[in-house]
1. So which residues in the stretch 24-71 are loosely packed, with under 14 Cβ neighbours inside 10 Å and not in a helix (DSSP H, G or I), if there are any at all?
2. Give the residue that is least open to solvent (accessible area, probe 1.4 Å), with candidates limited to residues of the stretch 1-23 that are of a type in the set (A, V, I, L, M, F, W, C), farther than 12 Å from Ile49 by Cα and in a helix (DSSP H, G or I).
Amino acid sequence: MGPEQYYLSWGILAFGSCLAILLGSIVYKKNPSWDQEATRVFAVTIVIIAGLFLMTAGYTDQQVAPMYGLLGTMIGYIFGKSSAKDKI
């Protein structure tokens, strides 16, 4: 891993942390309680940042393919899950 990849990976993680804090403050101002919508927002943010980190960290396609599958499964579960209140 070269110095460019090292700094770019740290930059992605710093950007993701700032974005999570910003989203947390926005969600808290909207509704002080933690609900399903807040979970969806944070999950999508974390999955996107994790994918960007894996790309910039220099892993090969064969190394990150299972992780992308797992991240996609997590997003599918979170968005596919619905409560009885959503069905009405």
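The values are calculated or read from the model by the stated rules, or taken from the named source; none is laboratory data. Being a predicted model, the structure only gives us computed values, none of them experimental. Virtual Cβ from ideal backbone geometry, glycine too; neighbours counted across all protein chains shown. Quick note on the areas: whole protein, heavy atoms, side chains included, nothing else; ligands and nucleic acids left out. Shrake-Rupley method; radii C 1.70, N 1.55, O 1.52, S 1.80 Å.
1. Asn31, Pro32, Ser33, Trp34, Asp35, Thr60
2. Per the criteria, the residue is Leu23.
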